[in-house]
Amino acid sequence: MISNTRYWFLLFLTIFVYISGMFVKLFENDSAQFAVMAMRMVQENDFLSLFKGPEEYLDKPHMHYWLAALSYKIFGIHAWAYRIPGILATLLGAYSCFGLGKLLYNTETGKLAAIVFMTAQTIVLATIDVRTDAVLTGFTIFAIWQLTGYIESKSLKNIVLGAFGAGIAFSTKGQIALLVIGFPLLCHLAYTRKWRRFLSWKVVIALVIFAIAIAPMLYAYYHQFDLHPEKIIRGRSNRSGIFFIFWEQSFERMSGTGMGKNSSDYFFFFHTFLWVFLPWTILGICAYLCRLKTLINLKFKYNPKYEFLTFGGITLIFIIISFAQFKLPHYLNITIPLFSVLTASYLYSLYKYTKRKTIKVLLGVQYFVLSLVFIASVLICFYVFKFESNYAYILMGSAFAVIIYYSLKREEYYLRIITISVCSSLLLNAVLNTHFYPSLLEYQAGSSMAETVAENNIPVDNIYKVSTHHTWALDFYNKKPVKITTISGLSDKKNVWVYVDDLQLKELQNMGFDWDRQFSEDQFRITRLQAKFLDPATRKKVLNKRHLIHIY
């Protein structure tokens, strides 16, 4: 059993790692894009319409952008303000993992599930590279917890809160929220045979609450699209926002007709899981396989010692998202709460039934994971991007000392597995948030150029670009979207600044344009790392340039 002192100490360090990432620059594309979309709402005082640059945006509902806009209203337009709703939703998700783990098993399992969730690599990443999935994940697991509580207790409070959580989740990303909530609940109902729970007047109240929760989003879609059938969206007119969110959205994603196709690999999420659930990956796989073996031995008959909610939910969600033609790693975030509860129950069962041999093997695995994290951290700090201050050496040395202390401390294997695993996550993400990402973002030209604009008092109203390529980071940090023009359109403009890449700069020069001032910044697509970039000796070979020139 982990002591409260150590548990809260580890939670405090985890939250500290979250906070350390709040003040890092926004990543292109998605984080910076969504931040700009919410910024436009505030600046134009239009909270009903969603725009992606100059284009009307149909793909996702409004809730994530509303929450970011609300944060801007309270704290101002800052990167850290944009991240606040995502972090709060993540904390809600952690508390919901605790609640679900306690409901299905016991308090210890709930506590462990919360910290497993908070330290899973993709969840920590989601608090710095904030997308819609942070809010979606937090509210889906909240809804699952509350609705499962209703199934077990028939409490009106549980079903009302669950319906509200489902409404917020649906208003964040659409139909996928209902699938993520519905699959685990259906599995739980099928396993426990408690179908009659939903033959109640309380369900009607829950449906009303759900309808009220999604009403603002539906009205916004109706206002932007249904009232304007003349608008051409993705090459089609007569687009209904309400019909899209209730019917078309998931089919477009599954078929790839809306977002396009980026992967037909049906095992994409299986190998992606190997890193998104670090440092708990092996434990999660063992927990899943162990539960599968148990259920097969029971011939899937109900046994009050076990639950089917997490295992069944994970299985069905994996099957559905694996057939989608458009896939991204963060789509797995919605399964992490279920994996966290399942993994926590597995670890607790090893402790409870004193399976020392298995625990000892898993401890060796977690020491191996820690060693890999240690090597990666050393390479990042002393090779990829070298430390430049003595202060950083002191912090790194202190972190290593704490980890070595817990690694060598003689105590129960169960405690050591938990502590070592959490320390692995904390070490890696502390290095990423405080050193790697800030250094990496020096190669994101948009945010770097925004600093140059501010330092040289360049008027943001006079900055143009000669293509429709998005410039999200520059837009956000200038607090003003870059105006779009054409090269021929520049002929009539005087005393303007133009943001261009290498090819566009050469084209302007060939067409006879002249400029008296030029600023240049290194550019690399930082969310698509490659070995040549990480190697300082070959980094320059993969860098491009972005330029800001003054045409007088």
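None of the figures in this text is laboratory data; all of them are computed from the coordinates on show. As the structure is a computational prediction, the values presented were derived from the model and not from experiment. We place every Cβ from the backbone using ideal geometry, glycine too, and count neighbours over all the protein chains shown.
Quote the convex hull volume per residue of region 445-551, based on C-alpha atoms, as a whole number of Å³.
It comes to 107 Å³ per residue, whole-number rounded.
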- Taking the Cα centre of each part, how many Å lie between region 434-472 and region 78-96? 26 Å
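At R0 = 25 Å, how high is the FRET efficiency between Phe382 and Val402 if r is their beta carbon distance? Nearest 0.05 is fine.
Values: r = 19 Å, r/R0 = 0.78.
For R0 = 25 Å, the calculated efficiency reads 0.80.
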- Item | q = 0.10, 0.23, 0.24 Å⁻¹: log10 I(q)/I(0) that the Debye formula gives for region 132-219, counting C-alpha atoms only | -0.22, -1.11, -1.19
- From fewest to most C-beta neighbours within 10 Å, the residues Val135, Val361, Val482 line up as Val361, Val482, Val135
- Ranked highest first by the average count of other Cβ atoms within 10 Å around their residues, in what order do 464-474, 15-25 fall? 464-474, 15-25
- Considering only Cα-Cα distances, which of the following residue pairs are longer than 24 Å: Lys305/Lys327; Lys327/Lys540; Lys102/Lys360; Lys352/Lys409; Lys173/Lys194; Lys173/Lys231? Lys305/Lys327; Lys327/Lys540; Lys102/Lys360; Lys173/Lys194
- Can you list the aspartates and glutamates whose alpha carbon sits under 17 Å from that of Lys355, skipping same-chain ones fewer than 8 residues off? Glu411, Glu412
- Message: Using only the alpha-carbon atoms, how far is helix 4-22 inclined from the longest principal axis of the chain? Give it as 0 to 90 degrees, nearest 10.
- Response: 20 degrees
- Query: Can you put Cys97, Cys423 in order, fewest other beta carbons within 10 Å first?
  - Reply: Cys423, Cys97
- Item | Qualifying GluC sites (Glu not before Pro) for region 381-460 [loop in DSSP, other Cβ within 10 Å: at most 16] | Glu388, Glu411, Glu412
- C-alpha center-to-center spacing [region 119-174, region 409-432] in angstrom: 27 Å
- Cα axis of helix 107-119 to longest principal axis of the chain: angle in degrees, 0 to 90, nearest 10? 20 degrees
- Compactness summary of region 58-214: radius of gyration and Dmax from Cα atoms, Å, are 16.0, 51
- Task: Express in % the proportion of alpha carbon pairs of the chain at distances exceeding 39 Å.
- Result: 32 percent
- Message: If you restrict to DSSP beta bridges whose two residues both lie in the chain, what percentage is antiparallel, to the nearest 5?
- Response: 75 percent
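Starting from the exponent 0.38 and prefactor 2.2 Å, build the expected Rg for region 356-442 from its residue count and divide its actual Cα Rg by it.
Output field value: 1.19.
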- Task: Would you mind checking the tilt of helix 132-153 against the longest principal axis of the Cα atoms of the chain, expressed as 0 to 90 degrees and rounded to 10?
- Result: 20 degrees
